[in-house]
Structure formats: C-alpha cells, structure tokens
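Below you'll find the structure, written out as structure tokens, and then a few comments.
The values are calculated or read from the model by the stated rules, or taken from the named source; none is laboratory data. Everything numeric in this text was worked out from a predicted model, so none of it was measured. Quick reminder, even Gly has a Cβ in these numbers, built from the backbone with ideal geometry, and neighbours come from all protein chains shown. Accessible surface areas use protein heavy atoms only, side chains included; no ligands, DNA or RNA. Shrake-Rupley method; radii C 1.70, N 1.55, O 1.52, S 1.80 Å.
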Amino acid sequence: MRELILLESPSTEKAAADHCCGFLAGQWMLRGGITHILKREQRGNHLRVVWPPADLEPTGQLLVLGHYDTVYPTGTLEKMPFHVSGGKAYGPGTFDMKAGIVQALFAFEVLQELKLPVTKNIVFLWTSDEEIGSESSRSLIEEEAKRSSAVFVLEPSLGLRGLLKTSRKGVGQAELVIDGRASHAGLAPEEGINAIHEIAAQIARIERWNNHRRGVTINADIVEGGSRANVIAEHAKAILDLRAWRPADMHTLEGKLHSLKPIHRGAKIKITGGFDRPPLERKHSAALFARAKSLAKQMGFAVGEAAAGGGSDGNFTAALGIPTLDGLGAVGDGAHSTQEHVVVKAMPQRAALLAALLATC
Ligand SMILES: [Zn+2]
C-alpha cells in the first residue's frame with residue numbers, strides 16, 4: 001500500500017496516473033493475471049486484468065471494480081505524507097480507494113494459494129477517472145458489467161463498522177443560466193433586468209423542492225453573476241447538485257427544472273444538464289449482501305449494510321440490472337480530506353470477504 005500511495009495519481013494528471021496504472025499492471029502480472037492496459041488520450045489509462053479458471057472453460061464472469069485516481073494533485077504527499085500511526089494508515093487516496101485495490105490484490109493471491117475452485121473468469125477493472133465523472137471509463141465499465149453475473153465494488157465502506165453499501169443515490173448536475181439586461185443602476189434602473197435578482201428568486205423556488213424524507217436534494221453549489229458595481233447584472237449562473245434514491249423522483253426533478261419559467265419580466269432562463277448517475281437500488285444488491293453476510297459469519301465476523309448519498313461506478317452497473325455490491329473496500333474515514341486514513345487491521349478481513357465472494361459466486 002505504501003508503494004501505491006507514493007505513486008500519486010490525480011484524475012487530471014495523465015502522466016502521473018499512467019505511471020500508477022503501470023505499477024498496478026506489474027503487480028497483477030507478477031501474480032499471474034493477464035493484464036491489458038486500455039490506453040486513453042486525455043485521461044489516465046485503465047487497467048483490465050483477467051484471471052481465467054485453471055483447466056476449464058470459464059462459465060461466466062465476475063467483475064471486481066474500482067478506481068485508482070484520487071482527488072489530490074501531485075505534490076500533496078509533501079503536506080500529507082503516507083504514514084502509519086495508531087493502527088491507521090494515512091495518505092492521499094488511502095481510503096478512497098487504494099486500500100481497496102490492495103485488498104483485491106491479496107484476495108487474488110488467496111484464490112491462487114488456496115486453489116479455490118473458481119469456475120468463472122475474474123476480471124479486475126481499475127479505472128482512472130471515477131472522481132471526475134467516469135467519462136472515459138463508463139462504456140468500458142458497462143460492457144464488462146454486461147458480461148458479468150456479479151459486480152464487486154471496492155469503494156470505501158461506511159463508518160468504523162465497515163458497512164457495505166447496498167444502495168446509493170442517483171446523482172446529477174445542472175446549470176442554470178439567466179440572461180437579463182444591463183443598465184446604469186442609478187440613471188436608468190427601470191431599463192435593466194437584474195439577472196442576479198432573477199437567479200436568487202429561482203434558487204429560493206428550487207430550494208423548496210428538497211424533500212429530505214424521500215431523499216430528494218437539490219443544492220446550488222456555485223453561484224456567479226454580475227460584472228461590476230453600479231451596473232445592473234446582465235448575467236448570472238448557478239451550478240446545481242441533484243440527488244435522489246428513486247428513478248421516478250429523478251425524472252420529476254428534471255421535469256420541474258426544465259419547465260422553470262422566469263419570475264422577472266424579460267429575464268431569460270436556460271437549463272442544461274440533469275442526472276448522470278442512476279441510483280444503485282437495493283433490489284440489485286440485496287442477494288449479494290445476504291451472501292456476504294453469511295460468508296462473513298462463517299469466518300467469524302459480522303458485516304452490516306448502509307445507504308449512501310454519494311454515487312460510484314457501481315451505480316452504472318446496478319442500473320443495467322447486474323447484481324452489484326459496493327463498499328467492499330477499506331474501513332476508514334476522511335475521504336477527500338487531509339485526515340484520510342484506513343484501519344490497517346481490518347484489511348485482511350476485508351480481503352478474505354472478497355476472496356470468499358469470488359470463490360462462491
Ligand atoms: Zn471512490
């Protein structure tokens with residue numbers, strides 16, 4: 001894990017990311033995996049590893065999914081060095097989700113060393129752009145998922161009990177653009193159409209669509225507008241974060257957004273965007289979770305489940321109807337923060353759980 005963390009791999013720095021991808025390929029190759037580096041022009045390369053059953057024709061495929069990119073630019077290690085203290089390993093990308101990749105590597109070793117009777121192709125897919133929306137990997141992830149009977153996502157678990165994620169919200173982003181008309185705020189205020197006043201009124205309206213009981217949220221995350229003092233603002237723009245548990249709520253929210261009408265006379269509204277990650281619904285994870293729970297019990301520990309407001313690439317695979325179990329990665333805390341860490345002693349147990357799932361699914 002130390003080696004992997006020292007290879008910083010931000011989603012937006014291709015050279016650094018490729019270096020990390022090459023290292024991972026080497027680790028899987030060393031252990032007998034058949035590795036393919038899937039080259040990308042703009043983003044880091046993706047890594048696909050196949051491990052076919054020893055002496056028989058594979059009867060299907062299982063997909064182990066994760067990303068090796070992080071949200072930290074290169075050089076972060078200087079302020080946030082990799083270190084282990086008090087049983088926790090700290091560093092950029094430890095929890096989200098390089099420790100998960102390390103666990104998968106050890107699960108892979110376990111399958112080989114114990115010569116477990118695996119009958120399916122096991123495909124490990126490590127992508128480079130999950131943290132920025134998975135644009136260069138989504139179709140690849142979906143293709144692999146369609147060939148698979150189960151998908152195991154090595155994203156971080158939830159809380160100190162390492163809860164697996166059996167549902168995730170659908171996530172989207174929309175841009176609200178207002179065009180008004182500039183005018184001198186003192187000499188001709190009546191000739192202006194204030195885009196900032198319009199966007200403020202629209203945001204106040206949109207805020208009322210939040211429904212925390214149903215898990216529908218809409219939040220203005222960024223607002224920009226105006227040019228200078230003394231001038232009635234001609235333009236304003238807001239970036240909205242959209243989330244919902246249910247596809248029906250997603251569609252309702254999008255419908256409402258796209259039918260917004262101006263409040264101030266003469267103001268023009270333009271809305272673009274919408275949901276881009278469908279929800280991971282529990283009906284697509286329940287059976288795998290039940291299996292994980294029973295396997296953990298046989299090995300002498302317990303696993304629980306949780307719902308997560310954030311999306312992952314597991315949302316894409318579950319939306320295709322492929323059974324998907326997420327949050328199988330590390331136990332820890334502080335994703336995307338300076339305190340990001342994992343609990344070291346939980347790692348072998350998590351690796352064992354993944355190996356058991358792969359050997360029995
Ligand atoms: Zn992640």
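Over 25 Å apart: what share of the alpha carbon pairs of the chain falls there, rounded to a whole percent? That fraction is 58 percent. Name the residue from Ser294, Phe275, Met250 whose Cα lies farthest towards the positive end of the charge dipole of segment 234-317, charges +1 on Cβ of Lys and Arg and -1 on Cβ of Asp and Glu. Most positive-ward Cα: Met250.
Counted without the sites themselves, the longest stretch of the chain free of chymotrypsin sites (Phe, Trp or Tyr not before Pro) in a DSSP loop having at most 15 other beta carbon atoms within 10 Å is 1-208.
The residue among Leu140, Val102, Thr324 whose Cα reaches farthest toward the positive pole of the charge dipole of the chain, with charges on the beta-carbon of Lys, Arg, Asp and Glu, is Thr324.
Label-to-label distance, Thr59 versus Ser139, with points set 7 angstrom from Cα along the beta-carbon direction: 3.4 nm. For the listed residue pairs Lys39/Lys146; Lys115/Lys146; Lys39/Lys98; Lys79/Lys293; Lys98/Lys146, the alpha carbons are over 30 angstrom apart in Lys79/Lys293.
When only Cα pairs below 8 angstrom with a gap of at least 6 residues are kept, segment 133-239 shows a relative contact order of 27 percent.
Relative contact order of the chain: 23 percent, from C-alpha pairs under 8 Å at least 6 residues apart in sequence. Among the protein heavy atoms of the chain, carbon and sulfur supply 53% of the accessible surface, probe 1.4 Å, non-protein parts ignored. Projecting the Cα atoms of Ile232, Leu176, His212 onto the dipole axis of the chain, where Lys and Arg carry +1 and Asp and Glu carry -1 at the beta carbon, places His212 farthest toward the positive end. The lysines whose alpha-carbon is closer than 23 Å to the alpha-carbon of Lys270, local same-chain residues fewer than 8 away aside, are Lys237, Lys256, Lys261.
The trypsin sites (Lys or Arg not before Pro) of segment 163-228 meeting both criteria, a DSSP state outside H, G, I, E and B (loop) and at most 14 other C-beta atoms within 10 angstrom of the site's C-beta, are Arg208, Arg213, Arg214, Arg228.
Put a plus charge on the Cβ of each Lys and Arg, a minus charge on the Cβ of each Asp and Glu, and nothing anywhere else: the dipole of segment 242-325 about its Cα centre is then about 320 debye. Remark: segment 8-18, residue by residue, has Karplus-estimated 3J(HN,Hα) of 4, 9, x, 4, 9, 10, 4, 4, 5, 4, 4 Hz, where x stands for each Gly or Pro and the curve is 6.51 cos²θ - 1.76 cosθ + 1.60 at θ = phi - 60°. Taken over the Cα atoms of segment 26-172, the convex hull encloses 158 Å³ per residue. Ellipticity at 222 nm from helices only: DSSP H runs of n ≥ 4 in the chain, each -39500 (n - 2.57), divided by the residue count, give -9000 deg cm²/dmol. When +1 charges are put on Lys and Arg Cβ atoms and -1 charges on Asp and Glu Cβ atoms, the dipole computed for the chain relative to its Cα centre reaches about 1100 debye. Count charges around Glu135 for me, please; just the other residues with Cβ under 13 Å from its Cβ, Lys/Arg as +1, Asp/Glu as -1. It works out to a net charge of -4.
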